[in-house]
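S.K.: There's a structure below that I have some questions on.
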Amino acid sequence: MSSDHDIHGTVLKDGEALALGQQLCFAVYSVAHAFNRTYKPLLDRFGLTYPQYLVLLALWQKDSMTVKGIGEELRLDSGTLSPLLKRLETSGFVSRTRDKSDERQVIIALTPKGRELKTEAFGILMEIGKATGCSMEEAAALRTALSDLNRHLDDNQRS
């Protein structure tokens, strides 16, 4: 027996409500994979993975951060972050040192090679901008909507 479901003011039948194409989570998941596929060839020429690139983006804003700070900013746990940072260090993009005031903290800092890569990153940004087909205004509106969605989901987890 089929029934109607009112989902935020939109009435959908059982089959429609559970259709893959109706799922916001699947749309976000699909876009995330499309971004990864689009970034891969652009980052491969620098020997970087997408998560490593995200670390560099964070460091280009602050030059150095604690491992904990990077993890919080990127929402990565230490089990994921530690090997990623080791590879960035081995590649010469970052250095890792103990904080002199708190030996428990590890500071990740850009090396000259890591700073130089920032210039190249503008080319990546331009390529991604072209690939999305979004205007600057559309991209800003999407970022705002996704940030709001992220905040709502986080708030829901805390409730």
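S.K.: Any chance you could list the semi-axes, whole Å, largest first, of the equivalent ellipsoid that the Cα gyration tensor gives for the chain, using √(5λ)?
M.R.: 37, 21, 14
S.K.: Quick check on the chain: helices-only [θ] at 222 nm, where DSSP H runs of length 4 and up contribute -39,500 (n - 2.57) each and the sum goes over total residues. Nearest 500, please.
M.R.: Value at 222 nm, helices only: -21000 deg cm²/dmol.
S.K.: For a test of the definition: using alpha carbon positions, the gyration tensor, and the 1.5 limit on a/c, classify region 105-159 as rounded, prolate or oblate.
M.R.: oblate
S.K.: If you don't mind, there's one more thing I want to ask. Under a straight-distance cross-link criterion of Cα-Cα below 18 Å, which aspartates and glutamates are reachable from K68, leaving out those fewer than 8 residues away in the same chain?
M.R.: Result set, ordered by chain and number: D77, E89, D99, D102, E103.
S.K.: By how many degrees, between 0 and 90 and to the nearest 10, does the Cα long axis of helix 112-132 differ from the longest principal axis of the chain?
M.R.: The angle comes out near 20 degrees.
S.K.: Among D44, D63, D102, which one moves the most in a GNM of the chain with springs linking Cα atoms closer than 10 Å?
M.R.: It is D102.
S.K.: Would you mind telling me which residue in R87, R37, R104 has the biggest mean-square fluctuation in a Gaussian network model of the chain, where springs connect alpha carbons within a distance under 10 angstrom?
M.R.: R104
S.K.: In degrees, nearest 10, range 0 to 90: what is the angle between the Cα axis of helix 50-62 and the longest Cα principal axis of the chain?
M.R.: 60 degrees
S.K.: What residue among T144, T111, T119 has the largest mean-square fluctuation in a Gaussian network model of the chain, using Cα springs under 10 Å?
M.R.: In the Gaussian network model the winner is T144.
Since every read-out is calculated from the coordinates, none of them should be taken as a lab result. Quantities reported herein were computed from a predicted structural model and do not represent experimental measurements.
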